[in-house]
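One structure is given here, and the rest of the page talks about it.
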Amino acid sequence: MDISDKFPTEIRRYLPHGFKDEVGVWFVLPLNDIDPDRCGVITLNKWLREQEWYPAKFESILWFGDDGVGNLLGWVPEKSSAILWNPADGCEYWYSGEIAAVWAFIRNNYE
């Protein structure tokens, strides 16, 4: 099974090309790297898990996007929910909910 099969339909429908809603915001990154400055879903997940600081409790989270300012979008399979997380926040994410709700939260300037 490849990593894209683990995401819900709402995310999978944008793979392999990704979903860029506005400048700097990739609600769904491309599945594979598209240039040296933009890693894809596969590289992002691999790279995060290789970092010493990566929280062990996030091991099951599948990362699929970013908001362009350092926050990452992840899918939590066991909760069937999306999260918004900044690596500087350690083991805590600061927003969770349905995928569309997380995207709306970002679109609405985090309100």
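Considering only region 81-111, how many residues are part of a loop (DSSP other than H, G, I, E, B) and farther than 19 Å from Asn45 by Cβ? I'd like the intermediate steps shown before the answer.
Residues of region 81-111 that are part of a loop (DSSP other than H, G, I, E, B), as a first pass: 86, 90-94, 98, 108-111.
Going one step further and asking which of them are farther than 19 Å from Asn45 by Cβ, we end up with 92, 94, 98, 108-111.
Final tally of qualifying residues: 7.
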| message | What's the total number of residues in region 55-75 that are assigned to a loop (DSSP other than H, G, I, E, B), over 15 Å from Tyr95 (Cα atoms) and open to solvent by less than 20 Å² (accessible area, probe 1.4 Å)? | response | 1
| Right, Leu48: assigned to a helix (DSSP H, G or I) and open to solvent by less than 50 Å² (accessible area, probe 1.4 Å) or not? | yes
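So, of the residues in region 1-15 that are modelled with pLDDT of 95 or more and not polar (S, T, N, Q), which turns out to be surrounded by the fewest Cβ atoms within 10 Å (Cβ to Cβ)? Write out each step before concluding.
The first filter runs over region 1-15 and keeps only residues modelled with pLDDT of 95 or more, leaving 7-15.
Now restrict to residues that are not polar (S, T, N, Q): 7-8, 10-15.
Working: Phe7: 20, Pro8: 16, Glu10: 15, Ile11: 21, Arg12: 15, Arg13: 10, Tyr14: 20, Leu15: 21.
Top of the filtered list is Arg13.
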| request: Tell me which residues, restricted to region 47-105, are under 20 Å from Asp21 (Cβ atoms) and of a type in the set (Gly, Ala, Ser). | output: Gly65, Gly68, Gly70, Gly74, Ser81, Ala82, Ser96, Gly97, Ala100, Ala101, Ala104
| query | How many residues are under 19 Å from Ile106 (Cα atoms), free of Cβ contacts under 8 Å to residues at least 24 places away in the same chain and hydrophobic (A, V, I, L, M, F, W, C) when one looks only at region 55-84? | reply | 5
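Residues of region 44-69 being of a type outside the set (A, V, I, L, M, F, W, C) and under 21 Å from Ile99 (Cα atoms), which ones?
Residues of region 44-69 of a type outside the set (A, V, I, L, M, F, W, C): 45-46, 49-52, 54-55, 57, 59-60, 65-68.
Asn45, Lys57, Glu59, Ser60, Gly65, Asp66, Asp67, Gly68 - these are the residues of region 44-69 that are of a type outside the set (A, V, I, L, M, F, W, C) and under 21 Å from Ile99 (Cα atoms).
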| task | Could you grab the pairs with beta carbons closer than 8 Å, sequence gap of 6+ or different chains, first residue in region 24-41 and of a type in the set (S, T, N, Q), second one in a loop (DSSP other than H, G, I, E, B)? | result | Asn32/Pro16; Asn32/Gly40
| Where residues in region 76-108 are among the aromatic types (Phe, Trp, Tyr) and open to solvent by 40 Å² or more (accessible area, probe 1.4 Å), which of them is modelled with the highest pLDDT? | Tyr95
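The values are calculated or read from the model by the stated rules, or taken from the named source; none is laboratory data. Not measured: the values here are computed from a predicted model. Cβ sites come from the backbone with ideal geometry, for glycine too, and all protein chains shown count toward neighbours. Note: areas computed on protein heavy atoms with side chains; ligands, DNA, RNA excluded. Shrake-Rupley method; radii C 1.70, N 1.55, O 1.52, S 1.80 Å.
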